[in-house]
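Notes follow the structure.
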Amino acid sequence: MGAVGAVGAMRAMGAGFGAGLGLALASSAFIGASFVLKKKGLLRLCGRARAGQGGHAYLREWLWWAGLLCMGVGEAANFAAYAFAPATLVTPLGALSVLVSAVLSSIFLNEQLNVHGKIGCILSILGSTVMVIHAPQEEEVSSLESMAEKLKDPGFIVFAVCVLVSSLLLIFVAGPRYGQSNVLVYVLVCSAIGSLSVSCVKGLGIALKELFSGKPVLKEPLGWVLLVCLVICISIQINYLNKALDIFNTSVVTPIYYVLFTTAVMTCSAILFKEWQHMVLDNIIGSISGFLTIVSGIFLLHAFRDMPFTPSLLPLFLQPGRPDRHQSCQHQPLLPSQDKGSQSAEEEEEEEK
């Protein structure tokens, strides 16, 4: 009976992991498409007050509302994914929304996707695939009671205190001095606080699962505490991310924020849920390699987004219409034509003498 129960638990865990993976991929698809739909709706405002000019004519465009609906569905799917799959898997897969947005923009908005962007898309897909294959299987957290026990873990308490203290130092000490010149200040605040917000989302997802199963979750104080903490964390994230985007270029902020935020979430998840404790070495190396591959892809997709790529940037032997350098050297005369002309003139003068 014990063996049968263990097999059933493993099957349930596998089904939950598959559901979380599917929700994470669906979330990336909906969120990526939402940017394109809203952009398409804004571009249709010909002659009317644009959003950048303070107008609200976009509220009459059904494409903009379709994009907003896609965004809501994507965020809901992302929220639900944390209840089934490890945060170490769900958070990095959020990079696929950037990939979906870039590909759909090149198709429907005629935005050019250069060679660097295409290579970045391929790297993001490969890295995501590697992470899915080697994703950690976290400890089973099936109730708010087990979540409360994990939140009391000394390792997580130390991590949360370090996050809060460092965030306060960044906001009140480093922010006034270096916030306008160093992109890391405000992005670090968003990333550190974001790791705590993902933990709150994980706990609320478990609470919703219990609520749908008929348990009296609304009487549990932990669920309400997690909800309040989530609202506070998200408010801080939005505030300081907007500050960073207002001061620095989006192509700089986005990849740095993705790397720092995902690293913070993976660290917090490893401490809170012990996701890496029972992993073998090859899975650990695979997960880290997949994450670094995604980071490289996002960097190429954003950092070189506005850089034109022309054939003149290629090496000479790859440029179309250019002869191979080795061939041209073989057929090149030993002396330039001017030297030949001067040499023949000198020979004629000597013959006349």
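What follows is calculated from the coordinates using simple rules that are stated; it is not laboratory data. What you are looking at is a predicted structure, and each value in this text was computed from that prediction instead of being measured. Ideal geometry is used to build each Cβ from the backbone, glycine not excepted, and the neighbour counts take in all protein chains shown.
For this structure, a couple of remarks:
- Across region 165-171, rounded Karplus estimates of 3J(HN,Hα) from the backbone phi angles (6.51 cos²θ - 1.76 cosθ + 1.60, θ = phi - 60°) give 5, 5, 5, 5, 5, 5, 6 Hz, Gly and Pro being marked x.
- ³J(HN,Hα) computed for each position of region 177-191 - Karplus, 6.51 cos²θ - 1.76 cosθ + 1.60, integer Hz, glycine/proline x: 8, 10, x, 7, 10, 10, 5, 6, 4, 6, 5, 5, 4, 4, 5
- FRET efficiency estimate (nearest 0.05) - Cβ-Cβ, Phe156 to Arg177, R0 22 angstrom: 0.10
- Mean separation of Cα contacts under 8 Å, 6 or more apart, over the residue count of region 109-265: relative contact order %: 27
- Among the listed pairs Lys243/Lys274; Lys152/Lys274; Lys40/Lys209, those with a Cα-Cα distance over 25 Å are Lys243/Lys274; Lys40/Lys209.
- Potential lengthening between Asp246 and Ile119 on full extension [0.36 nm per residue; Cα-Cα distance subtracted]: 42.9 nm
- Approximate spin-label separation Gln277-Leu169, in nm, with each point projected 7 Å along Cα-to-Cβ: 2.9
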